[in-house]
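Q: I have a structure I would like to understand better, so I am pasting it below and will then ask my questions one at a time.
Since every read-out is calculated from the coordinates, none of them should be taken as a lab result. Owing to the predicted nature of the structure, the values given are computational and were not obtained by experimental measurement. Positions of Cβ are backbone-derived with ideal geometry, glycine not excepted, and every protein chain shown enters the neighbour counts.
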Amino acid sequence: MSNRQRNTTSCNECKRRKLRCDAQQPQCGSCLSSNTLCEVSPRGKRGPKRGHLNALRNRLGQLEQMLQSRFELEQIQELQTYQQTGLHYLPTFESQLPDTDTASLNLGVPLDSPLPQAFGLIDPVVHAELYYITLQTHHQKVTDLFRDQLYFDRVHPSFPVLHQASYLAWSRSASKSIIQTCLQRIMWIIAILLSTQFRELIEPLYTQVKKDLESSESFEVEHAQSWTLLTVCELMRASYSQAWISAGRMFRLVQGLRYHEIDSPDKVHSSKEDSTCTEEKRRVFWMAYLLDHLFGMRSDWPVTLSEHMICTKLPVPDSDFQGNCTVSGNFISQAITDPASQANSPFNDCLAIVTLCGRGLLRNRHNNISKAYGDNDSDSSEHWRWLEDILSLKDQIKSRGDKLHPLVTFAQILATLVSACWMTAIDGSQ
């Protein structure tokens, strides 16, 4: 028993025959009785090999240094990837930095200067903190550019109210106004809502933007754009009660700024205002008009922005707008009576459809009021005429190209829905 306690290793023969080995020396009992050679294979030493732990520590240190040195490089490569995909309107990384020597990294000294001579510092902790702040600044610039890119890729085709070059010009300025900052943050919120990244930023951004907008008394076009996109944002978040309140502020704001009479003959345009700013005003007004009529269609509400009080031309096609092409659009009545004459603009198609729907809703409301006064006569001839106009416009939309545009799809769905509603209304009146 004492021998087994001292040496519990079985010999090779006992292991092969699966016998209990008594571990006697120089020959165990089983090998002695069978006259077999008794051999014991030595066990390998437990634990790491000599020097293995030191090698692992060295490799971990090298990996930490590589991760620290490649952090900034990965951010720049990410931005270069976006530029190589053909997204030409995103400014370069260098254009986001002040007009100084980029080798100084905004610190006023070249990177190849020794640390004590450059900063008057010896503590390596301070050097690490400065390096971390620099990386944070660059990372924030790349992140902001990514959010801008995300907005123009995914949101702008459906809500074409911004001139991209003008936005990118003032968004890079360090002296942005509060209302411009609000507009930029609302754009980011909507872009994040259509993405899987930065979701944790939605609530703090929304809270700050709502507070700043409600306290602002600006009369710039960015103010109207901010309330319009904020209404869209709240609809996307299913905050319908907040969206209705924001929509009311938006409708009254565009009315107070008199965007409904931009092209009135009596309107005197400022000589300092360029055509791009005027077109942005048209677009934000017509987007408010579209949302107003969609609210009315959904809840059977009276519209706030009536077509009979509008003397503002429809927006020009987005390609002309972004290219600073000075062309003139049509009025809404011209686009409805002769849809083939207007340029290919899915946004204008949606405006024409909701206008026809608004006419029908107004006529139905007048009929209900007449019935309340005892007049039961109803004429469905106008409904038939409006239905023909919608079907004609729907055919025009189908015949045009760019069927993958989101507003083209929305216009086709909207035309089908309105046609079905008119057929139901006509059948009910007969």
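Q: Report the full-extension gain for the segment Ser333 to Asp320: residue separation times 0.36 nm, less the Cα-Cα distance, to one decimal in nm. Write out the running numbers ahead of the final one.
A: Working: separation 13, 0.36 × 13 = 4.68 nm, distance 2.17 nm.
Contour length minus the Cα-Cα distance gives 2.5 nm.
Q: Also, quick follow-up: In whole Hz and in residue order, list the ³J(HN,Hα) couplings for the stretch 39-54 that follow from phi through the Karplus curve 6.51 cos²θ - 1.76 cosθ + 1.60, θ = phi - 60°; x for Gly and Pro.
A: So the Karplus estimates, Gly and Pro as x, are 10, 10, 7, x, 6, x, 5, 7, x, x, 5, 5, x, 5, 5, 5 Hz.
Q: Next up: Would you list which lysines come within 22 Å of Lys281, measuring only between C-alpha atoms, while excluding same-chain residues fewer than 8 positions from it?
A: Within reach: Lys176, Lys210, Lys267, Lys272, Lys313.
Q: Roughly what would the spin-label model give for Ser175 and Glu203, points 7 Å off Cα along C-beta, in nm?
A: For the pair Ser175/Glu203, the computed spacing is 3.8 nm.
Q: What is the distance, in nm, between label points placed 7 Å from the Cα along the Cα-to-Cβ direction at Cys277 and at Gln255?
A: Simple spin-label model gives 2.6 nm for this pair.
Q: So if I restrict to the alpha-carbon atoms in the stretch 188-334, what is the Rg, and what is Dmax, the biggest pairwise distance, in Å?
A: Over the stretch 188-334's Cα set, Rg and Dmax evaluate to 16.3, 49 Å.
Q: Taking the Cβ of each residue in Ile245, Ile369 as the centre, tally the other Cβ atoms inside 10 Å and list the residues starting with the fewest.
A: Fewest to most other Cβ atoms nearby, the residues stand as Ile369, Ile245.
Q: Between Trp384 and Gln27, how many nm apart are label points set 7 Å from Cα along the C-beta direction?
A: In this crude spin-label approximation the distance works out to 12.1 nm.
Q: While we're on this one: Of the GluC sites (Glu not before Pro) in the stretch 235-286, which ones lie in a loop per DSSP and count no more than 14 other C-beta atoms within 10 Å? It would help to have the intermediate numbers written out before the result.
A: Working: sites: Glu261, Glu273, Glu279, Glu280; in loops: Glu273.
The qualifying sites are Glu273.
Q: Another question about this same structure. What FRET efficiency would be calculated for the residue pair Leu60, Ala372, taking the C-beta separation as r and a Förster radius of 51 Å, to the nearest 0.05? Mind showing how you got there, number by number?
A: Values: r = 83 Å, r/R0 = 1.63.
Once rounded, the FRET efficiency stands at 0.05.
Q: Checking the cross-link filter: which lysines have an alpha carbon closer than 21 Å to that of Lys403, excluding same-chain neighbours under 8 positions apart?
A: Cα-Cα hits under 21 Å: Lys394.
Q: Moving on to the next point. On full extension of the chain, what length is gained from Asn35 through Lys398, given 0.36 nm per residue of separation minus the C-alpha to C-alpha distance?
A: Numbers: separation 363, 0.36 × 363 = 130.68 nm, distance 9.87 nm.
Value of the extension gain: 120.8 nm.
Q: How far, in nm, would the chain grow between Arg237 and Arg20 when pulled straight, counting 0.36 nm per residue and subtracting the alpha carbon separation? Before the final figure, lay out the partial values.
A: Working: separation 217, 0.36 × 217 = 78.12 nm, distance 7.41 nm.
Once the chain is fully extended between Arg237 and Arg20, it gains 70.7 nm.
Q: Separate question: Along the stretch 308-318, what does the Karplus equation 6.51 cos²θ - 1.76 cosθ + 1.60 (θ = phi - 60°) give for ³J(HN,Hα), rounded to whole Hz, x for Gly and Pro?
A: Working through the residues one at a time gives 6, 10, 9, 10, 10, 6, 5, x, 7, x, 4 Hz.
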